[in-house]
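The values are calculated or read from the model by the stated rules, or taken from the named source; none is laboratory data. What you see is a predicted model; the values in this text were computed from it and never measured. Quick reminder, even Gly has a Cβ in these numbers, built from the backbone with ideal geometry, and neighbours come from all protein chains shown. Accessible surface areas use protein heavy atoms only, side chains included; no ligands, DNA or RNA. Shrake-Rupley method; radii C 1.70, N 1.55, O 1.52, S 1.80 Å.
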Amino acid sequence: MHKAAPEFRPLNIRILTASDTRKAADDKSGDYLAAALQSAGHILQGRQICRDEKYDIRAAASAAIADPAVEVLLITGGTGMFERDITPDAVEILFDRTIPGFGEVFRAVSMQEIGLSTIQSRAVAGIANRTLIFCLPGSPGACRTAWEHVIAPQLDPRINSCGFTRVFNAWDK
């Protein structure tokens, strides 16, 4: 007897862009993520741009984590290795649990596209208050790589029945 294919459940996803220079009119990474997640059948729960300041990022992420309507938070920007790249430092303290494999897999996939420059990325992921959080680089190409090759397959049980959606199924019980 064959098991029925797992059902797709659209998730409520918020996008946070951490940048001192981006505005809504030129947030190409946020635009890409919004279009991609909706195309995949998920629900854009909201978008926000905040300054590239530790406590601004932390406050915006905390608000998303505290909002029961937000199931996934995609943060783009500030994951590099320079002084102003502080998103992981701002957000990791909020994690109840880290997902170290996300950064490892993202960099492995990214290696095929940009070579050794991928080691400059501090992309991270974790879970806080039943919210999946992904901190992605700010470039549209990196967001595309992360979404298409790592995040989207994990959020669709029809593609990967052992993906992150199992977490939501456990929480729903």
Checklist entry - Is there a residue being under 25 Å from Gln48 (Cβ atoms) and either modelled with pLDDT of 95 or more or β-branched (Val, Ile, Thr) (or both) anywhere in the stretch 153-161? => result no
Checklist outcome for this item: Subset of the stretch 111-131, residues touching a Gly at 6+ places or on another chain (Cβ under 8 Å) and either assigned to a strand (DSSP E or B) or open to solvent by less than 60 Å² (accessible area, probe 1.4 Å) (or both), comes to Ser121, Ala123, Val124, Ala125
Checklist entry - For Ala108, are the conditions met, namely being assigned to a helix (DSSP H, G or I), without any contact (Cβ under 8 Å) to a residue 40 or more places away in the chain and surrounded by fewer than 21 Cβ atoms within 10 Å (Cβ to Cβ)? => result yes
Item to check | Filtered residue count, the stretch 40-87, keeping only those that are over 16 Å from the mean Cα position of the chain (by Cα), in a helix (DSSP H, G or I) and over 16 Å from Thr21 (Cα atoms) | outcome: 3
Next on the checklist: Kindly evaluate Gly30 against the criterion of being open to solvent by less than 50 Å² (accessible area, probe 1.4 Å) and out of contact with any Leu (no Cβ under 9 Å at 6 or more places or on another chain).
Outcome noted: no
